[in-house]
Structure formats: C-alpha cells, structure tokens
Amino acid sequence: MFNSRIFSIIRKEFLQIFRDPRTLAMIIIMPIMQLFLLGYAATTDVKNISMTVWDQSQTAQSRALLDAFRAADYFTLDYSVGSQEEYQKLIESGDTRVALVIPPDYDRRMIEGDAQVLMVLDGSDATVGATALSTARLVGQAYSTKILGEQALLSGRSKVPAAPVEVRTQVWYNPDLNSAFFNIPGVIGMILSFITSILTATTIVRERERGTIEQLIVTPIRSWELIAGKLLPYVILGFIETAEILLIGHWWFGVPIRGSGGLIVLTSGLFLMSSLGIGLFASTMANTQQEAMMTVMMFNLPMIFLSGFFFPIAAMPKFLQIVSYAIPLRYYLIIIRSLLIKGVGIVAIQSEVIALVVFGVVIMGAASLRFRKRLD
Amino acid sequence: MTEPVIVVENLTRKFGNFVAVDHINFEVQPGEVIGYLGPNGSGKTTTIRMLLGLLKPSDGKATVLGYDVFKQSEEIRMRVGYMSQKFAIYDDLTTLENLTFYGGVYGINDKARIQHTLELVGLNGHENTLTSSLSTGWRQRLSLGIALVHEPKLLFLDEPTSGVDPTARRLFWDLIYQLAESGVTILVTTHYMDEAEYCERVAVMRDGKLLAMDTPTNLKKSIITGDVWEVFAHPLEKGLEVLTAMDGVERVGLAGDHLRVISSRARTEQSRSVGKDTMQSLLSEKGISVEKIERGEPTLEDVFLSLAR
C-alpha cells in the first residue's frame, strides 16, 4: 500500500508542519498545557475549607468537638466569632465557607444524650458545599460514636455498642480518590479528538484555498492516496502526543499505566480514526481555514461535554445519556481510564473497542466518500 | 498525417439550465500553440476542465492524446500538464521542495530530472528560496515548472499571465515557444489580445460557443472583410458620432489620438465600400477638421469585437 505518491505527500506535510511555528507549538505545548491545567486546577478534591466557629459553650466538651474537626484536614478553623451577624458577614464576603455554631447548653445536653450543633454552609459553590456537608456529617458521626463508647465505658458496661450498621469502604484502583488519575487519561482523549481533527481539517482546506488541491487532482494520484497521505502524518502526531501525555502523566502526576502498551496503542489508533474522520468531514464542509476550525469545534464541543469527561454520564438526563452513545470519545474515555487505572485486559473493554471500530469505519468512510465527491 | 492531439466533438457542459459549453468542435495537431480567447465566463476554463477529466461532459465526446477524456482520465493526467490561474504553489516550501513534491506525486524521484525542470524554467539559483518571497513572475515560472515536471506532451495553461508584468509575460512566452519547438502541444487561454497574436491558431469563444478557430491572419481576413481606416480628426468625439451614423460603417472605435473605422463589406462591385474620400467630405460637411486618413491593419481585437457583437 505504500508508494511514492503517498510518501511524497507525507514528507511534504511534515515539512510544512515543521516550518510553521504556530502549528508546532500547538502540537507540542497544547497537550502539556492541558495536562497541567487539568492535573492541578481542575481538581475536585476539596481541602482546607475555611471555617468560622461561634462557641457559645466554651467548655471542655465543645473544645473536644472542635479538635475533632481540626483533625479532619478538610477544615481550617480561621475565625472565632461571638454573634450571628459576625459569621454571616464572613460568609457573605466569602472569607469563610462554613460556620459552626455550638449552643450554650452543649455540655449539659451532651450528658443527656441529645446535643445539637448548627452547621451553616455557603452553597454558592456546589462542589465545596457538598464536600463540606458530607465531611461535617462524617466528622459528627465519628465523634458521636466515640462519645457513646466512652460513656458506655464510664457507666461500667464492658461491651462497647457499635453503630447499628457499619459500612466498611474499600476504594479500589485509586484509593486516595486522586482526581488527576481520572482527568489525565481524559486529556489524552481530548487532545486526540481536538488537535488532530483541527489540524487535518485546516490542512486540507488550506490546499483548497491555495488551489493546490486542484493541481493534485490533475496528477495521476488517486483520491484514497491523497487522503492517506494527508491523514497519516496526523496519525503519527496523535501517537506522539499520546506518548507525551502518558509519560508526563506518569512521571509527574504519578498516574499509573497498568494496562498493556499494545492495547493502549491499538485503541488510541482506533479512536484516531474517528477524530481524523471528523476532521476530514469538516474539511468538506468548509471553504476557509476559519470555517474549518468552527466546523470542527461545532462537532467537538458537545462531544467533550457529553463524553463523560467533565460530567458523569450517569448523572445526565435520560435523553442526553442516549445521545452520548453516539459519541466515540465516550468509549475511548472508558477504555483509556480502564487500561491505565484498572489495568484491565481486552475482555473487559471489548464492547467499547467494537463501538470504536464501528464509529471509526463509519465516520472515516462517510468522510472519504464526501471528500471524493467534493473533488469532482 | 499524424494523429491529432485533441479531438473535440459536440462537447457540451450544462450547469442546471446554464449552458457553459455549447456543442463545440475542434482538433489540435501535435506541436501547435493554440490560443483560447474569450471573456470571463465564456466557457474556456470549463472546456479545459472537461479535457482534463475534472468535469464530466453533459454531451458529446473528446479524446486527448488518443484517450477518452471521460473513461481514461488517469492515462491523460500522466501525460498532460496543467497550470491554473491560481499558481498552485506551497508558500511555506522552497522552490526545490515544491518541484520535488510534485515530481514525487508523478513518481519522479530522480534529482537530475527535477534539476532539469528547474533550469528549464530558469529558476536555478532560487532553489532554496521560500516561494512566498518570490515575485509574481517567478511564481508563474515555478507554476509552469510544476506543470512540466513530468515532461508532458500536452500543456494546458489557464490564464497563466494574469497579474504578471509585461517583461515577465514576454519571458514567459519565450519559454512557451521553446517548449513548442521541442514538440510540446500547448493550449493557452488568455484575454490578452497581444498574446493571442503569438499563437499559431486562435479559438474565439463566447457564451459557450466556439465562434471561430483559425490562424490570426486568416481570422483577420475572413472576419474583417471590409477596410480599416485610421482617422485623425478634430474634435474626436464628434467625429465618432458622425462616422458611427454613417452608412456602410461597421464599427468605429477610439484608439488613443485617432479613430479606427471598420467599413462593411462591399455588397456589389458597384457600391464600393466606404472610402477615404466619402469620409473626408462627410466630416468636413459637419464642421470637423480632418488631419489625415490612413489605411490600417486589422487586429485580433477587431476580430474579437466583430465576433462578439
């Protein structure tokens, strides 16, 4: 299948890529930028939430509760106030996220066994609010279990009553629930779908703008050779970028690579087929490079949002969940996350691999047909 | 007699209701330089695109180098060169890289042949210049080189000289003659009349129809049957008015400092065509001072304008 005509186009394509600093920067710098942005900034692990305390009790018992919160890493006890107005002001100004109010009769009611504290949360940032809420509940629960135990000991009973139901959790694959482990494989999917489709679409449209494509058609080159020659350089670049992200993700962020390298290459190649197909397709719909860019974006943006990269598909409305089945990136994200983090074999991801093959063949086939038709 | 390089029979192309090329017929012999003349939208480019197999004819047939344009376009493309109005050059590549690339697409990987093409179009010394920094004239030559890299027997040039300065145009035509001498058949579209004069035969197209095709001399003889007069008179505008209204005058045009008058063909031996004396007396009668009236030579522009009427 390899002949001089395809080789000539590939060589020319690389010459052009290496001569254009903007394209080169986009290819090399973009993945690194995305990687660090999503590896650091887009973390959903909430820590060090600022907390304000209004301790009306000021007893040994209330201080013990505060110690329990302090110990839980998630909160920093920044402010101590003496009225509702004060903590309200702090929450309004955003200086604090959470206010903990301990009532004056806390120590007495504690002995009676029905102590209550008030937790006021700033819900304007849903992520922080949700984490603060669940953590505060956990801290409270753990603390009351401890107290119950201590009281039981004091009252002379030897057996410590446990909570009626205890849920023991085991987190597999990513015990610290490090969100970088989730995001960085996603970056590979995003880069592969964005950069390769934008580059292919613009490089083909540029030939049309310059009139060089017409000159190529009057040569004996066949249209499949032209397509192969134009796309293969971007397949190679796609693999280089995948390797780049994997290596930085592994060495810098500690993302594990547990699955087989061969499977990663194979499935990434299958996914590239879809995204290059989208690029090729977009090129047939555009007359200028700007139009090509916009067309690719039009395809890619909804895909990214519906792929499960940012938002879990399970949390989407039923309709959007169905739509997401039509998005190749969805399958690739499942595959690459499973391969890297879980280290699964082909059997665990076979249905996703089949989906990628089907999408790849259909998209690439349709795009090639449209491309050929556009040449006539 | 050798086989013609191009044979076109009733070739037609319609775009919806618009007939871009309307049942045209012609033949081109080996080694000829054919000028294809016509205004924009007259069907010149459409004809070339059909001959290259880029467009399917709606009707009629054509062969190029003995191959059917519709069924054997690949055979044709291997043996034919094409240079389009937009010079199909990669701006971010050097001259040599452009030629090497197109050579490779034709399966030519021999450096000596690429170098030969480079020298043929006079680009040696500019091998490593980025084409974006070349002048239009040089870009035109590179574009021709790209069309020639596989040493075609037939060359289609679609308005190759638009936007190029007169000196570069002249040099370009020298190159075309050089190619023709080496046996390459050339079909070149243009709307420069002076360029058409350089061609061995000229085809005139308008509204998709081939109005005439012959040598420039024969065209002038057969189309301009009357006489051509150059009238130096004052005031010119009034002279133009008077002569246009005159019986037996086919067309009057301003030509710089004088008027060009083309008389109609004499219908009978007795009724002579409009002559020097009749014009002189009519102009004087209307109060126009006549400096001199001389015989002129018909030009291709006269031919074109007569046909286009």
Acute angle (nearest 10 degrees) that the helix B:276-285 long axis makes with the longest principal axis of chain B, alpha-carbon atoms: 60
Dimensionless Rg/Rh of region B:225-298 - Kirkwood Rh, Rg from C-alpha atoms: 0.94
Estimated FRET transfer efficiency when R0 is 41 angstrom, pair B:HIS234-B:ASP214 (beta carbons, to 0.05): 0.60
Most mobile listed residue (B:GLU151, B:GLU294, B:GLU127) in chain B, GNM with C-alpha springs under 10 Å: B:GLU294
Folded to 0 to 90 degrees: helix A:350-375 orientation relative to chain A principal axis, Cα: 40
Normalised per residue, the volume of the convex hull around the Cα set of region B:133-274 (Å³): 168
Kirkwood hydrodynamic radius of region A:1-102, Cα pairs, Å: 18.6
Overall form of region A:174-215 per C-alpha gyration tensor (a/c, 1.5; a/b vs b/c): prolate
Percent of alpha-carbon pairs separated by more than 21 Å within region B:6-214: 52
Cβ neighbours within 10 Å from other chains - mean over B:87-93: 6
Cβ neighbours within 10 Å from other chains - mean over B:95-105: 5
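Let me have the 222 nm mean residue ellipticity of chain A computed from DSSP H runs of 4+ only, each contributing -39500 (n - 2.57), with the sum over all residues rounded to the nearest 500. Can you show the working numbers first?
Details: 14 runs with 243 residues, N = 376.
The helix-only estimate for chain A comes to -21500 deg cm²/dmol at 222 nm.
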Of A:GLY186, A:GLY82, A:GLY269, the one that fluctuates the most in a GNM where chain A has Cα springs shorter than 10 Å: A:GLY82
Exceeding the 30 Å Cα-Cα cut-off - candidates A:LYS318/A:LYS342; B:LYS44/B:LYS153; B:LYS209/B:LYS276; B:LYS14/B:LYS71: B:LYS209/B:LYS276
Where labels lie 7 Å past Cα in the beta-carbon direction, separation of A:ALA126 and A:VAL347 in nm: 3.9
Tilt relative to chain A, helix A:223-251 - C-alpha long axis, 0 to 90 degrees, to 10: 30
28 Å Cα-Cα threshold exceeded, pairs from A:LYS12/B:LYS86; A:LYS230/B:LYS86; A:LYS373/B:LYS61; A:LYS12/B:LYS56: A:LYS12/B:LYS56
Rg/Rh for the protein assembly as shown, where both radii come from Cα atoms and Rh is the Kirkwood radius: 1.25
Among A:THR203, A:PHE309, A:PHE36 - extreme Cα towards positive end, dipole of the protein assembly as shown, charges at beta-carbon: A:PHE309
Dipole magnitude of region B:225-298, debye to nearest 20 (Cβ charges: Lys/Arg +1, Asp/Glu -1, about Cα centre): 160
Charge-dipole axis of region B:225-298 as Lys and Arg at +1 and Asp and Glu at -1 on Cβ define it, positive-most pick from B:ALA233, B:VAL252, B:ILE293: B:VAL252
DSSP beta bridges in chain B [antiparallel fraction, %, rounded to 5]: 65
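If you place +1 on the Cβ of every Lys and Arg and -1 on the Cβ of every Asp and Glu, how big does the dipole about the Cα centre of region B:1-107 come out, in debye to the nearest 20?
That gives a dipole near 320 debye.
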Test item: Cα-centred dipole of chain B, Lys/Arg +1 and Asp/Glu -1 on Cβ, debye: 640
Estimated distance in nm for a label pair at A:ASN48 and B:GLN115, the labels positioned 7 Å out from Cα along Cα-to-Cβ: 6.8
Listed residues A:VAL255, A:VAL205, A:VAL362, most fluctuating in chain A (Gaussian network, C-alpha, under 10 Å): A:VAL362
Selection from A:THR288, A:PHE239, A:VAL358 lying farthest towards where the dipole of the protein assembly as shown points positive, charges on Cβ: A:VAL358
In nm, spacing of pseudo-spin labels at A:GLN290 and B:ALA245 (7 Å Cα→C-beta vector): 5.5
Peptides A:22-28, A:301-307, A:317-323 ordered by average Cβ neighbours within 10 Å, highest first: A:301-307, A:22-28, A:317-323
Paired Rg and Dmax values of region A:49-154, which use every Cα atom, in angstrom: 13.8, 45
Tail fraction, Cα-Cα pairs, chain A, threshold 26 Å, whole percent: 63
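Taking only DSSP H segments of four or more residues, each worth -39500 (n - 2.57), what value at 222 nm results for chain B once the sum is divided by all its residues, to the nearest 500 deg cm²/dmol?
-10000 deg cm²/dmol
Enter the mean number of other protein chain beta carbons within 10 Å of the beta carbon of each residue in A:3-11, as an integer.
The mean count of partner-chain Cβ atoms within 10 Å per residue comes to 4.
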Length-normalised contact order of region A:49-154 in % [C-alpha pairs under 8 Å, at least 6 apart]: 31
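Where a number appears in this text, it was derived from the coordinates with a stated rule and is not lab data. Note that the structure is a prediction, hence the values are computed from the model and not measured. Cβ sites come from the backbone with ideal geometry, for glycine too, and all protein chains shown count toward neighbours.
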